[in-house]
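S.K.: Would you mind keeping the following structure in view while I ask a few things?
Every number in this text was worked out from the coordinates using simple rules, so none of it is lab data. Nothing here was measured: the structure is a model prediction, and the numbers come from that model. Neighbour counts run over all protein chains shown; Cβ positions are idealised from the backbone, glycine included.
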Amino acid sequence: MTTTLDPNRLGAAESSWRTVLLATGAVLGVTLLVAIGVAVVLTSAPQPRALLPEVVAAGLAVHSLGCLGALCAVIKATGVTARSLGVTRPSWRLLHLAWQVPATIVAAVGMQALVAALIAGGEVTGGRRLDTAIHGAQPGVLVVAVLAIAVLTPLWEELYFRGLLQARITQRWGTLAAVIATAGIFAAVHGYLIFVPYYLVLGFALSGLRVFHRSLWGALVLHVTVNSIASAVLVTSLR
């Protein structure tokens, strides 16, 4: 007797709440350690402002690498397979990204602009801390920061949100609930309240792509693209 698996729930049985909790604890632990490390370096430096760009860039890279490494360790220790996370052979369905990626960007930016216009009169404030922190950074420091934002962060976030969390919620409550919950959590943990509409639309798109493509590749491509654009805007704003 053979068992047919729902492709949208591929590997969900291998992602337990224990795995999700361990992964969450690992990410929070890395985040706390990096934050403490950055604070210690800056408070002990005679001229913390002069070191700020290098420390922030290093912190971004260490945090991303640390979260990625911690998640890989948890995944290995709990026996979750790459296939169950959505790391499978890419298919021709990825060609749909040619319209899915730009459509998502337009929708996310449009929603953010609409909410900003209604709430803040079109002015979005509070989102310039990062470019202020790395202002005056050397080219090598900027390269490290951009790699951390554009490549490393999407890798570990997709493994956690779409690979582990969404799979577990799908198994327990179904695909629709998983998409809504994962998108909501993704938006909630990203930055300022004013940017929640943008991240909510992006979160829904990323979770939807995980279902549509039956793998992590679609969501990962979108995430890298969006973060790369944000990195380019960041670098441009420093000139």
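S.K.: Around residue 199, what is the net charge, scoring Lys/Arg as +1 and Asp/Glu as -1 over all other residues with Cβ under 15 Å from its Cβ? Don't skip to the answer; put the middle values down first.
M.R.: Values: positive: 162; negative: 157, 158.
Charge balance in the 15 Å sphere: -1.
S.K.: From the residues 238, 59, 224, which one has its Cα farthest along the dipole of the chain in the positive direction, the dipole being from +1 and -1 charges on Cβ of Lys/Arg and Asp/Glu about the Cα centre?
M.R.: Looking along the dipole axis, the top candidate is 224.
S.K.: Mean Kyte-Doolittle of at least 1.0 and a Cα length of 20 Å or more along the axis: which whole DSSP H helices of the chain meet both?
M.R.: Numbers: long enough: 17-44 (40 Å, 1.92); 48-78 (43 Å, 1.31); 97-120 (33 Å, 1.79); 196-213 (25 Å, 1.21); 217-237 (30 Å, 1.45).
For the chain, where a helix must reach 20 Å along its axis and average at least 1.0, the hits are 17-44, 48-78, 97-120, 196-213, 217-237.
S.K.: On to the next question. Report the FRET efficiency, 1/(1 + (r/R0)^6), for residue 96 and residue 43, where r is their Cβ-Cβ distance and R0 is 41 Å, rounded to 0.05. Walk me through the intermediate numbers first.
M.R.: Working: r = 49 Å, r/R0 = 1.20.
According to the calculation, E is roughly 0.25.
S.K.: Two decimals is fine: what is log10 I(q)/I(0) at q = 0.15 Å⁻¹ for the chain, from a Debye sum with one equal scatterer on every Cα and no solvent?
M.R.: -1.10
S.K.: Can you give the local net charge around residue 217? Use residues other than it whose beta-carbon is closer than 15 angstrom to its beta-carbon, Lys and Arg +1, Asp and Glu -1. Spell out each step's value before the answer.
M.R.: Numbers: positive: 83, 89, 93, 162, 210, 214; negative: 157, 158.
Residues near residue 217 contribute +4 overall.
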